[in-house]
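Below is one structure, written out as structure tokens; comments come after it.
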Amino acid sequence: MIMTDVIGEAAPELAPDGRPVPKRLVAVWEAGIFIWVMLVASALHFVFELSGFQPWVSVFGSVNESSVEHLKLFFWPALLATLVQHAYMRNRVNNFWWAKGVAIIVAPLVLLASFYFYLGIALPIYGRGFLWADIGTGALGVLTGNILSYRILTAPPMGDLKRYFGLAIIGVLGFHFATVSYLTPRFFLYENFFHYKYSGDYGILPDYSAYLVFRSPEEYSAIKAAEGSSVAAN
């Protein structure tokens, strides 16, 4: 609860440990999380290829160019940052799990809305999208989530019900992103969107020869041959 002191000024909001919520420190955390998520999400875009297309990497790495596969890249670093922040800041801020649940659900919604809005303009004019704009929509989504997180973390306590809602949001999204490459709904957000065109493919693709960035065609052929030998042996 916000209190006023004897001269009528608003007193600082108190955290669970009884001290004022350190707003500047919370802002630093949220800024650091923004940078962390953007960097790690960019790296996770290539981890499936770098792993030799190992199926288990699909839990946290994108396996095609669909919108939802890219949302997965932002979720896992955000979740890891959330766990670290909780370890250090859970008693210094209010409404922790509600703040993080809101951030984690709002970020992809803003990303999707801004992504398809800009493509609705770019595709008719230029016939393609742009990498800088793709990254910008991701940054806008993550930044919006961080701003909301800051506002909620520094707000008065909002009760246990919202904490449970926040945890439920994180749990449901975590399960969805961990399994979506295998349990893939037939919906346009899940459809491979290669070169800004829907291909009709979902989940793990049968062939990645057109998607190679770090591996040569010869290396990919060797990986496929090894997979074929393993299947034949079983």
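Data overview
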| quantity | calculated |
| --- | --- |
| Condition met for residue 185 (within 23 Å of the chain's Cα centre (by Cα) and surrounded by 12 or more Cβ atoms within 10 Å (Cβ to Cβ)) | yes |
| Options 27, 15: the member that is surrounded by fewer than 16 Cβ atoms within 10 Å (Cβ to Cβ), touching a residue at least 40 places away in the same chain (Cβ under 8 Å) and farther than 27 Å from residue 179 by Cα | 27 |
| Residue 118 under 25 Å from residue 186 (Cα atoms) and among the aromatic types (Phe, Trp, Tyr) | yes |
| Single residue of 148, 183 found to be among the hydrophobic types (A, V, I, L, M, F, W, C) and either outside any loop (DSSP other than H, G, I, E, B) or closer than 30 Å to residue 85 by Cα (or both) | 148 |
| Test: residue 164 is at pLDDT 95 or above and either surrounded by 15 or more Cβ atoms within 10 Å (Cβ to Cβ) or over 30 Å from residue 90 (Cβ atoms) (or both) | no |
| The stretch 57-107: number of residues that are in a helix (DSSP H, G or I) and free of Cβ contacts under 8 Å to residues at least 60 places away in the same chain | 14 |
| Selected residue (only one of 34, 53, 48, 60 is at positive phi and either in contact with a helix residue (DSSP H, G or I) (Cβ under 8 Å, 6 or more places away or on another chain) or loosely packed, with under 14 Cβ neighbours inside 10 Å (or both)) | 53 |
| Residue check, residue 228 touching a residue at least 24 places away in the same chain (Cβ under 8 Å) and either more than 26 Å from the chain's Cα centre (by Cα) or not in a strand (DSSP E or B) (or both) | no |
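The values are calculated or read from the model by the stated rules, or taken from the named source; none is laboratory data. All values derive from a computational prediction rather than experimental measurement. We place every Cβ from the backbone using ideal geometry, glycine too, and count neighbours over all the protein chains shown.
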